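Heads up: the structure comes next, in structure tokens.
Derivation of every value follows stated rules applied to the coordinates shown; laboratory data play no part. In this text the structure is predicted, and so the values were computed from the model without any measurement. FYI the Cβ positions are ideal-geometry reconstructions off the backbone, even for glycines, and counts take in every protein chain you see.
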4 protein chains.
Amino acid sequence: MATVGKSDWNFCSDNVAPVAPEILAAMGQANQGNISSYGEDPWTEALTQDLRRIFEKPDLIAFPVATGTAANALAVSTMVPPYGGIICTEDAHINTDECGAPEFFSGGAKLLSVPSPDSRLSPAQITARVQAAREHGVHVVQPHAVSITQSTEWGAVYGLDQLRAIGDVAASHKLGLHMDGARFANALVHIGCSPAEMTWKAGMTSLSFGATKNGAMAAEAVIFFNPAQARGFAERRKRAAHLWSKQRFMSAQLLAYLKDDLWLRNARHANAVAQIFAHGLAAIPGVRLLHEVQANEAFVVLPEGVVAALEGEGFGFYRWHADTAPGEVAIRLVTSYASAPEAAQALVSAAARFGNR
Amino acid sequence: MATVGKSDWNFCSDNVAPVAPEILAAMGQANQGNISSYGEDPWTEALTQDLRRIFEKPDLIAFPVATGTAANALAVSTMVPPYGGIICTEDAHINTDECGAPEFFSGGAKLLSVPSPDSRLSPAQITARVQAAREHGVHVVQPHAVSITQSTEWGAVYGLDQLRAIGDVAASHKLGLHMDGARFANALVHIGCSPAEMTWKAGMTSLSFGATKNGAMAAEAVIFFNPAQARGFAERRKRAAHLWSKQRFMSAQLLAYLKDDLWLRNARHANAVAQIFAHGLAAIPGVRLLHEVQANEAFVVLPEGVVAALEGEGFGFYRWHADTAPGEVAIRLVTSYASAPEAAQALVSAAARFGNR
Amino acid sequence: MATVGKSDWNFCSDNVAPVAPEILAAMGQANQGNISSYGEDPWTEALTQDLRRIFEKPDLIAFPVATGTAANALAVSTMVPPYGGIICTEDAHINTDECGAPEFFSGGAKLLSVPSPDSRLSPAQITARVQAAREHGVHVVQPHAVSITQSTEWGAVYGLDQLRAIGDVAASHKLGLHMDGARFANALVHIGCSPAEMTWKAGMTSLSFGATKNGAMAAEAVIFFNPAQARGFAERRKRAAHLWSKQRFMSAQLLAYLKDDLWLRNARHANAVAQIFAHGLAAIPGVRLLHEVQANEAFVVLPEGVVAALEGEGFGFYRWHADTAPGEVAIRLVTSYASAPEAAQALVSAAARFGNR
Amino acid sequence: MATVGKSDWNFCSDNVAPVAPEILAAMGQANQGNISSYGEDPWTEALTQDLRRIFEKPDLIAFPVATGTAANALAVSTMVPPYGGIICTEDAHINTDECGAPEFFSGGAKLLSVPSPDSRLSPAQITARVQAAREHGVHVVQPHAVSITQSTEWGAVYGLDQLRAIGDVAASHKLGLHMDGARFANALVHIGCSPAEMTWKAGMTSLSFGATKNGAMAAEAVIFFNPAQARGFAERRKRAAHLWSKQRFMSAQLLAYLKDDLWLRNARHANAVAQIFAHGLAAIPGVRLLHEVQANEAFVVLPEGVVAALEGEGFGFYRWHADTAPGEVAIRLVTSYASAPEAAQALVSAAARFGNR
């Protein structure tokens, strides 16, 4: 295992990974000559065509941006007025990890967050929140949109039935529905459905189609399935300084990401490595999973001594906030397209070893 | 001249150019293993050290971002409260080409623009604007900062004396002073001074240090020369979604840009090609320069027939708004590090040929 | 003239006046018992009915607010997205005297100002501004609305033909059209037309219907002539803290303002007193009007010594920025419903006396 | 009891009350002659002096505004940057009843709300929230201020010890501390302490000093106890359109409110009437108070049939969200300076009568 070094032992996040070789190569191939700037280039045009084909939606509109936070914040800002609200879970990335970007981009819209153990939102929570607001009229912030994360911040994957139920309830209250798909591919290959089924066929208005966590350098696409609902997005992106002059290099990443199913292959790899954690760690006495591992994240509760020993050994991961018993610690392990199965296995073996002491 | 094709004839902007090979190579070299994300990487740390050395300011703080608009808007938003104003010229990029990004990032601050033929601001204009506002107190938006562009949107370069005079007047009115350096290197090599002389020694508070137009893919650095004045910048950048998770690839661009004076060599090349336009076109009867060519932009007035013929031949450039006589048209020609001198010469020769018809 | 004291010599603004007795009395009459708050009261309902009758528009929607700046800023914020622009004159109140309120309420929209000697905007200026923006697409702030002031900040009154021409050009470019009617009544009685003719029949989308400068304490109404265009206004007003809990006292002011044509009588009085200035001062050698006096403001150029002598005598007015010859000073004189004709005559007489020295 | 009619039976809120006669009279007395506008008047100056005396703080700065929402939103926007957060309770008025005004005025700051049964915040909750945020750096919104309500939205009154403990913990984390004093007087007379003890001596940075709910028409004062911390407030108020031109009429309200302890007498009356509810209703079998009645609000749980009967009889109050058993309903009863004790007694008697059926 000579090639598996400390760098491979880093499971802090899927964004610690390098760029997938196919994607870096594509950026090099795009580096030919002078080309019209600001998205007036063949790569950007081709990307839209590819996404329309893959999502089976010939009129969708897509806007590449460099970061997941940009994708989310721009998407929701297009869907909610400054005086409106966005229903999401308390642990939603937009609520906890974007330093207020949705509030900023929307001009001060309010995140109306509700609790959820695995960060999946339920239709009943949406309805309850809407009804409570409707009763009080102009005094309270009225919900205008819902944002869900697939897979969620706790590694859970909404089933198609769950998505459709949310889509129905959102439509019934005339709410836009946004999916934060920072780990879209990981959820998709878990379910094994089509991109269309997991999005517009289930009622999504817009999607943050993530690629950075799954092999790109800095590239996501915001997709609106109904072009009329994207009104103002182009202006918002420019005004937020997220339109590159050399935009071809962003689109080239996404084209390579989609080519030959690289995105699906990468996600399958990451999910498979996460299963090494799921099965290996759960088998250790005194260790348990906080949630079923469905995508590429494992949340695991271990004895504090084991966690400390793993850290001392050089494994990289975050301790995570969760209700645990005294002497226990929850950790988050995230795998990526680049994760070495041997490194995951090494962590499992070390944990078993430390657990047996 | 077989290698000079239509792509080389594109003088629309310096951002139509590809990425400098040295910079692309550096990005590839950064693509090794898992690395801490969000700027906690060695490249970002090394970049700060390099900038401190180059600017002879051991305590400056630098924040890489992907676009010039992000650099400008984030810089001014840190320098002016939402209820304040920023003095700039009418043709300033922040006023005309950023879709309101400074207003967005600042929470609604107002650009207080004044006319200038070559987009250089004068100390007297700053003072006049401040005095008019101070008289009316709370009813009018009070200036809190000044933003100048070096080289300007009309290709002019402020001399050191001019910069120092602006620095003095800004300080005397307690105004922050920002320099939009999208073409910083082009101005610097024109003057032949040190980066320190052109910035903090002349009174600049902050600098948008551009690299994208001079060879990078998507990389600029916002520099605050006094760290106390950068308060809140890190939060603003994150919140504006301009902190990359794989930030190493942004910092790697800038490191390569600075290495072995690549940035200065690239700028000298671009400026030299612009001189081909300056001398070649000015020598044609009926053709004149709108302004002296000092950096990498030439604004030229030609007979309309000549302009149309050049366009028909396949040369790329923009017609520009300027007061011209009937039958005349102003155009903008921009050169980059990648501009082929042969292509510039070809345009000059064609213009001469068309002019003689 | 014993009753005309120094307080009556104050022509600084029409907002230095007290509250019209009829309006103050109406507020007292509204002070009866407990009443539903936040606009769910009979006065507010009656006000809407009155405005619908007076404007001959049975479906208009009206929102009372306490200040003219609130009226203007809320109106334009409803008509333009954060990334859009509002065409107005350089001297428009929204551009110069509201401390950036339109930018704040709109979330950073940009005021696209054009010069005008008497602050009247021309259809050609609107078209030019729109065309320049449309050419540059997403890079520049696109106009979404026009705002004009009737009567203007220089006391000029748009004729009906001028208003209709602006209405036509705004409609042709799909721009909303807002009228700042802080001195609406003064303009209306000058023209002698109906409120409908001066507003929606000429193409206005919305109106800031001023009352404070013409006798109210703190009351204006924002009127949308097409209810669909008021979408979100109620939320914006609440969120901007401009919905009073004891809203009846705002509506009661406006009801009294409209009752028995008080508003028209007050405006006629103010305009008539302004004519004392117009005729009296213009007749003095060495004194001239900057603009024809049409409403209740006179802009007059006098020898500096005369101005200083008037100030020394205790007359109140502002020196105004205008291009004047050396030794001359421009002043602004504003009359209100409460202005004493004797006081205006006293100023004229004093000026004549000082001018003859 | 002929004078107690249906209007007196309205206990929906203290803002359904009319204006106290003393205050209305003072507004009439201020209606004399032309006076400098925008707060440059003797009433506004006198108000500052009165507040400095009453709060025993000779350098405090006060800004009158018309609504409680304006007071709160302007205060917190001065205390927190757009990228910062404000710790408050989930039921805080700023979080639930201002349609997002704090978010709007602050440019998108985030309300970091924590649960509390009676809407009192604890020092431990503040510390926990700060520590959780500090750990995650730039990714999460960092708390910059705390806002508490005295008396709270559930009618509870913080004791001086509790206030001082919050003041200490806020200072230790370098957080500003704002008090929403919409019902300041009601809390003050309950405690029986001095205004200074309940505010700056306990660590408050700023106070929304309410008057509207206690007898004024539309008047509150934002007070900063340290003038340096009010930086930018004047500009923010103007820009938010909350500076009246005829500001004397706002200041006159507050002067009359403070004169001869009217504010304290009014609050004592309201609190005393609330005690009629507290004692009278609690004595009815099957009825209980949700919280001790300390100020002028009673939250009471009654059998649903009794509530419906009271509504049918014509009593005015709101059903309130609370965890109640099946067949029970919680209601809120609010008393004001103008509440008739006979009306409160009538409600109690009716409830007893209906309860006995």
The chain B residue whose Cβ lies closest to the rotation axis carrying chain B onto chain D, with that distance rounded to whole Å, is B:107, 2
Within the stretch A:32-63, GluC sites (Glu not before Pro) in DSSP loop having at most 15 other beta-carbon neighbours inside 10 Å = A:40, A:56
Tell me, Kirkwood radius of the stretch C:253-357 from alpha-carbon pair distances, in Å?
-> 14.3 Å
Protection-proxy order for peptides B:90-100, A:228-238, each taking the mean of Cβ atoms within 10 Å per residue, highest first = B:90-100, A:228-238
Other copies of residue B:174: label-to-label distances in nm, shortest first, labels 7 Å along the beta-carbon direction | 2.2, 4.7, 5.0
Taking only the alpha-carbon atoms of the protein assembly as shown, what semi-axes of the equivalent ellipsoid follow from 5 times the gyration tensor eigenvalues under a square root, in whole Å, largest first?
-> 53, 46, 27
For chain C, what Kirkwood radius comes out of the mean inverse Cα-Cα distance, in Å?
-> 21.0 Å
Beyond 17 Å, what share of the Cα-Cα pairs of the stretch D:96-233 is found? Please give it as a whole percent.
-> 62 percent
Sorted peptide list for C:29-37, B:288-296, criterion being average Cβ within 10 angstrom, highest first = B:288-296, C:29-37
Considering amide H positions built from the backbone, and no H for Pro or chain starts, which residues 5 or more places from residue B:141, or on another chain, come under 5 Å of its amide H?
-> C:99, C:100
What shape does the stretch B:202-287 have by the C-alpha gyration tensor, where a ≥ b ≥ c are the square roots of the eigenvalues, rounded means a/c under 1.5, and otherwise prolate means a/b greater than b/c and oblate the rest?
-> prolate
Obtain the nm distance between the two label points defined at residue D:128 and residue C:356 by a simple spin-label model: each point lies 7 Å from its Cα along the Cα-to-C-beta direction.
-> 8.5 nm
Report, ordered by chain and residue number, the lysines lying within cross-link reach of residue B:246, taken as a straight Cα distance under 16 Å and ignoring same-chain residues fewer than 8 apart.
-> A:213, B:238
Most fluctuating residue of D:306, D:80, D:334 in a GNM of chain D with Cα springs under 10 Å: which is it?
-> D:306
Among bridges DSSP assigns within chain A, what percent are antiparallel (round to 5)?
-> 50 percent
Per DSSP, loop chymotrypsin sites (Phe, Trp or Tyr not before Pro) in the stretch A:69-126 with at most 16 further Cβ within 10 Å | none
Could you list which residues have their amide H under 5 Å from that of residue D:291, counting only those 5 or more apart in sequence or on another chain, with H placed in the peptide plane?
-> D:299
Placing a label point 7 Å from Cα toward Cβ, how far apart in nm is residue C:320 from its equivalents in the other copies, listed shortest first to one decimal?
-> 4.0, 5.6, 6.8
Rounded to whole angstrom, the alpha-carbon centroid of the stretch D:105-161 lies from that of the stretch C:134-182 at a distance of 45 Å
Among B:138, B:300, B:146, determine the one that fluctuates most according to a GNM of chain B built with springs between C-alpha atoms less than 10 Å apart.
-> B:138
Hull volume in cubic angstrom per residue (convex hull over the Cα atoms of the stretch D:40-139) = 147 Å³
Counting only DSSP loop positions in the stretch A:143-211, the trypsin sites (Lys or Arg not before Pro) whose Cβ has at most 13 other Cβ atoms within 10 Å are A:174
Quick one: with label points 7 Å out along Cα→Cβ, list the inter-copy distances for residue D:272 in nm, shortest first?
-> 5.3, 8.2, 9.4
For the stretch C:210-227, what does the Karplus curve 6.51 cos²θ - 1.76 cosθ + 1.60, with θ = phi - 60°, yield as ³J(HN,Hα) per residue in whole Hz, taken in order and with x for Gly and Pro?
-> x, 9, 4, 6, 10, x, 7, 7, 6, 7, 9, 10, 8, 10, 10, 7, 10, x
Would you mind checking which residues have amide H under 5 Å from residue C:318's amide H? H placed 1.01 Å from N; only 5 or more apart, or other chain.
-> C:332
Express in whole angstrom the spacing between the alpha-carbon centres of the stretch D:247-262 and the stretch B:26-57.
-> 61 Å
Relative contact order (%) - criterion: Cα under 8 Å, at least six apart; region: the stretch A:21-261 = 30 percent
DSSP beta bridge pairing in the protein assembly as shown, given as percent antiparallel to the nearest 5 | 50 percent
For the stretch D:286-357 and the stretch B:281-357, what is the separation of their C-alpha centers, rounded to whole Å?
-> 83 Å
